[in-house]
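So the structure is just underneath, and the comments pick up after that.
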Amino acid sequence: MRLEKFSRVVGLILFAVLSFVPVRAEKVSVATIQPTDLIEYETEPEEVKRLIEVSLGLTRKKLGYRFGSNSPKKRGMDCSGTVQCSLVELGLGEVPRSSWNFYEWVEASGKLKPTPGVTTTEDPVFADLKPGDLLFWEGTYETGERLPAISHVMIYLGTLKEDGEGVVFGASSGRRYRGKTIHGVSVFDWDVPDGESKSRFVGFGPIPGLRRDEVEPAPLEKPNPLKTFLENLFKKSEASRP
């Protein structure tokens, strides 16, 4: 009986000790490229070139994946924190923090391109995809009652000259880049979940306010009957003068 009690006490002590031992973080494993490795880089507008440069600059800092972080000073960031950090460094000012808020941001701009049922990057819907566009996934982790259940965001960078395949930027623990498993802020293969996956790709769209060539024109002034009447009256008055 004493031995059983002693074993129980030792077990409780070990449990308490192990509870305070920090779990070893997964080793940082990232990949990077040069901006000029991308086919589209030279022909993109300056603001998109700058976004690519800022993003790839973060991939060279050897940052791990750290949920809840949006600061390189913490030696790691999560997916939305990485996108936010890039856009703030780019000078876009206040931008969303969560993947869901990023999705709402693009949707509110009227430029979101939904991709229902897409299971391959060869789908015709991606003919409109451009470097600098935000990419959105659902189901990469449990989001509770949130609708839509956006759980992941990344930035599309373009096509690699070396193999003609797409490249994206962001943060993840487990996604891959050209055969390498990544844990951190990095470049990644551009792919979407197949039909058997629990997650799915749900849409993409341009970063609001980034591309100057896509600034909406000023709305046309609505006709004002009173103004038109007065203008015509003035013209008649001018014409009747000797």
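What is the fewest-to-most order of 137, 190 by other Cβ atoms lying within 10 Å of their Cβ?
Numbers: 137 23, 190 20.
By the 10 Å Cβ count, ascending: 190, 137.
Taking the Cβ of residue 102 as the centre, find all other residues whose Cβ is under 15 Å away and add up their charges (Lys, Arg: +1; Asp, Glu: -1). Before the final figure, lay out each step's value.
Working: positive: 97, 111, 113, 146; negative: 78, 94, 104, 107, 133, 138.
Neighbourhood net charge equals -2.
As a quick test, which of the pairs 49/130; 62/130; 49/161 have an alpha carbon distance above 23 angstrom in this structure? Each step should come with its number before you reach the end.
Details: 49/130 12 Å; 62/130 27 Å; 49/161 16 Å.
Cα-Cα > 23 Å for 62/130; rest within.
Taken together, the values in this text are just the output of simple stated rules run on the coordinates, not laboratory data. These numbers were taken from a predicted model, which means no experiment stands behind them. So basically every Cβ, Gly included, is an ideal-geometry build from the backbone, and we count neighbours across all protein chains shown.
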